[in-house]
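Data first, discussion second: the structure below is written as structure tokens.
The values are calculated or read from the model by the stated rules, or taken from the named source; none is laboratory data. No experiment lies behind these values; they were computed from the predicted model shown. Positions of Cβ are generated from backbone atoms using ideal geometry, with glycine treated the same way; all protein chains shown enter the neighbour counts.
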């Protein structure tokens, strides 16, 4: 793939939004640093202001007060359209332009930036390929001829077209069926690993946050940050009651997928039973135990007992505290 | 993203054949209509050339008079439609912008009044004040016919999915770019429907040109009516209908040509 | 005998009272009094002032004499009004000899004297089963009007003098006038006026009066008895070359109505003769220029002319 722009750091300082004639702020003094190249997920119940906060970053919603600094540059007052041409934007409702072909849709921002035609065409084809749509087949079609999932992919391709350093995504996979959604999530995760853009991802689905986020910001009313940390930190050490209730039950079970076997203490020697590589997670090991294994071999290092797995979990917990 | 498994294109095939059928249906009426118009015109021409005309009828039923009347009628209709378009579409666009939205009720009331006025009375007053002739006729007819296009422009723009517009702004379009590249193209079908309505309306109203030295097919209808000469009256009426049908056909053809694909 | 003389006085007083009483009631009633009691008719008219006023005169006359009238005046279009009478929607309305001749009887010869035309029209309408009452002396014919100022300026006293007006002067006509055999083309021919020397404008009849006064028309096609001519300072030159056919007005009704109410036909007959050109212009002006109500104008005419005491 051609040279990609890697992500830039985003600093949000005391971002506030107060709508006229309302009793309180929709978003109140939101402070957050989103590290460059990371995917940060804003997660929280409906109405907590997570989408409003995200939309203030590219000023689709103008902040009432506060500062936005991207890549060290204060962009709070730069002309909005200039700012947005360097930020990819994917919304839940997709919003493809129905009167334009798929290719033209994807080419929107390069066109606004004045790229020459051949460069644009090459880039559009590259991106359609990237999201799994054959350009020769889909390029000249119109949005209404595509399924919901296909339209989502075009939306992502369109957002990436001008190779922005920052990507804003508001429940981008929400409008698809569960099967397609899982597929899209996995594909996005793989893509993000490769592209390393700075992504702000909004969702109300905690599982999606766990899957996609390098960091998760759990938000409550007025976008108050209840906790900001890695998925493992949030699961193993929820900071407040609100986070706890949001995380829900069976935190330990869900943590299993986030801890790899490489750091776990193993007994020496191999035994009868299944083998897993070091890169596998505790979850695969648990799968083995549930289905009848007495011990799991970890590569050639040795074998893992059930008790060892239990203590691995509790030490992860303690470590996070 | 790894190349996803090819999605089964459940809808593409059926969609294509459905569009093809729709296109044929649409085009069928576009072809039939002008043929009908030609048949009726030919029938009228033959009937008139064969008719035995008395002195009164000969004044209006002759090639020179009729062609002049049709020509004037077309001038009146097209010119008023042009004035209406020049005023109503920009007005409609302005009224859907956030800053001017609040003026919408007042403007719509004014446009409605234009339709409610007794047309002949207003026409004559305007003629006395500003001078009789085609110009005042054209402006008066424009006032009468402004409502459909104004309303359709507003509605056409308002009913665009707001998330499409949000997307456009999110991509980094300026408001003007979004208007030109996204909003107007999407509103075109509704606006054009309004244009078609207006054109038919102005063809009807243009028959009043006879009262203010504007010419038009009223110069057959009114004498035919007052002098009890049915042939003249009916000829004027049929010609007006033919002109209206022709306008309708032209507007429909324009709608077909200008409708953006994909909607 | 005291009692007898009281009786005589009482009877005499009663008779006197009766005489005075009947005289009093008959003076508050009208000349013919209750001569039209039992008459019930529908009176229509065309949609211009003169036609309406004439019909209101008939209506008020019938009412003053004890008859019943349904008022359906102000019907749009000559032909429509005529149709209404023939089909029975109305029983009577005022028509013009020239109009009946040209429009209903589809004749084209226009060089006929007023009373001769009247006789021909009456004869021609026998087949349509229409009765014509006597005609008026006024002739509401087509006429040309010009402002008094322009008449003086260009020395216009006759229709032929109109040729003295500057080249390209605007002559305003109404669309019906253009099509009539007694209309525009014929007039230009009769007076030798070339199209190239003038400008023709086609306007609504009503608009022509104001437009002539304002100057948008140099010469305007008007009706001879219209009140606006005098009111707007216009004058009508003399028709030196006889061209326009006569347009005397007469009340028309279906033969059926005439047969049903012969007393009505007799009572209405004298009305037409009492309306001269000047009278009609005056009545028209009161409605068109002064804005008076047509019924009021009709009543005052009936009183002033003595038709109704």
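The set of residues in the stretch C:258-286 being buried (at least 20 other Cβ atoms within 10 Å of the Cβ) and within 29 Å of residue C:86 (Cα to Cα) consists of C:261, C:264, C:267, C:268, C:271, C:272, C:275, C:280, C:283, C:284.
Might you let me know whether the stretch A:42-62 holds any residue that is within 14 Å of chain B (Cβ to nearest Cβ), at positive phi and surrounded by fewer than 19 Cβ atoms within 10 Å (Cβ to Cβ)? No, the stretch A:42-62 contains no residue that is within 14 Å of chain B (Cβ to nearest Cβ), at positive phi and surrounded by fewer than 19 Cβ atoms within 10 Å (Cβ to Cβ). Contact annotation: residue pairs with Cβ atoms under 7 Å, 6 or more positions apart or on different chains, pairing a residue in the stretch B:238-260 that is within 14 Å of chain A (Cβ to nearest Cβ) with a partner that is assigned to a helix (DSSP H, G or I), are B:258/B:188; B:258/B:192; B:259/B:188; B:259/B:189; B:260/B:185; B:260/B:188.
Only helices (runs of 4 or more DSSP H) whose full extent lies in the stretch A:69-188 are considered here, and the ones with at least 1 residues that are at the interface with chain B (Cβ under 9 Å from one of its Cβ atoms) are A:80-84, A:108-113, A:117-130, A:135-138, A:148-160.
Matching residues to (1) free of Cβ contacts under 8 Å to residues at least 12 places away in the same chain; (2) under 21 Å from the mean Cα position of the chain (by Cα):
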residue	(1), (2)
B:85	no, yes
B:91	no, yes
B:96	no, no
B:115	no, yes
B:121	yes, no
B:127	no, no
B:154	no, yes
B:176	yes, no
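Of the helices (runs of 4 or more DSSP H) lying entirely inside the stretch B:115-181, those containing at least 3 residues that are surrounded by 15 or more Cβ atoms within 10 Å (Cβ to Cβ) and within 14 Å of chain A (Cβ to nearest Cβ) span B:162-171, B:175-178. When you scan the stretch C:144-168, how many residues do you find that are buried (at least 20 other Cβ atoms within 10 Å of the Cβ) and in a strand (DSSP E or B)? Here the count works out to 4. Taking the stretch C:186-219, which residues are more than 12 Å from every other protein chain (Cβ to nearest Cβ) and buried (at least 19 other Cβ atoms within 10 Å of the Cβ)? If the condition is that a residue be more than 12 Å from every other protein chain (Cβ to nearest Cβ) and buried (at least 19 other Cβ atoms within 10 Å of the Cβ), then C:187, C:198, C:218, C:219 are the ones that fit. Scanning the stretch C:76-103 for residues that are in a loop (DSSP other than H, G, I, E, B) and over 19 Å from residue C:57 (Cβ atoms), which turns out nearest to the other protein chains (Cβ to nearest Cβ)? Ranking the candidates gives C:77 first. Filtering the stretch C:275-289 to residues that are part of a helix (DSSP H, G or I) and either under 19 Å from residue C:130 (Cα atoms) or touching a helix residue (DSSP H, G or I) at 6+ places or on another chain (Cβ under 8 Å) (or both) leaves C:279, C:280, C:281, C:283, C:284, C:285, C:286, C:287, C:288. Going through the stretch B:195-215 one residue at a time, which ones are within 10 Å of chain C (Cβ to nearest Cβ) and either in a helix (DSSP H, G or I) or surrounded by 24 or more Cβ atoms within 10 Å (Cβ to Cβ) (or both)? Within the stretch B:195-215, B:208, B:209, B:210, B:211, B:212, B:213, B:214 meet the criteria.
Answer yes or no as to whether residue B:233 is touching a helix residue (DSSP H, G or I) at 6+ places or on another chain (Cβ under 6 Å) and either more than 14 Å from chain A (Cβ to nearest Cβ) or surrounded by 20 or more Cβ atoms within 10 Å (Cβ to Cβ) (or both). Against the criterion (touching a helix residue (DSSP H, G or I) at 6+ places or on another chain (Cβ under 6 Å) and either more than 14 Å from chain A (Cβ to nearest Cβ) or surrounded by 20 or more Cβ atoms within 10 Å (Cβ to Cβ) (or both)), residue B:233 qualifies.
So which residues in the stretch A:276-321 are modelled with pLDDT of 85 or more and farther than 17 Å from residue A:259 by Cα? Within the stretch A:276-321, A:290, A:291, A:292, A:293, A:294, A:295, A:302 qualify.
In this structure, is residue B:239 modelled with pLDDT of 95 or more and within 20 Å of the chain's Cα centre (by Cα)? So residue B:239 fits the description; yes.
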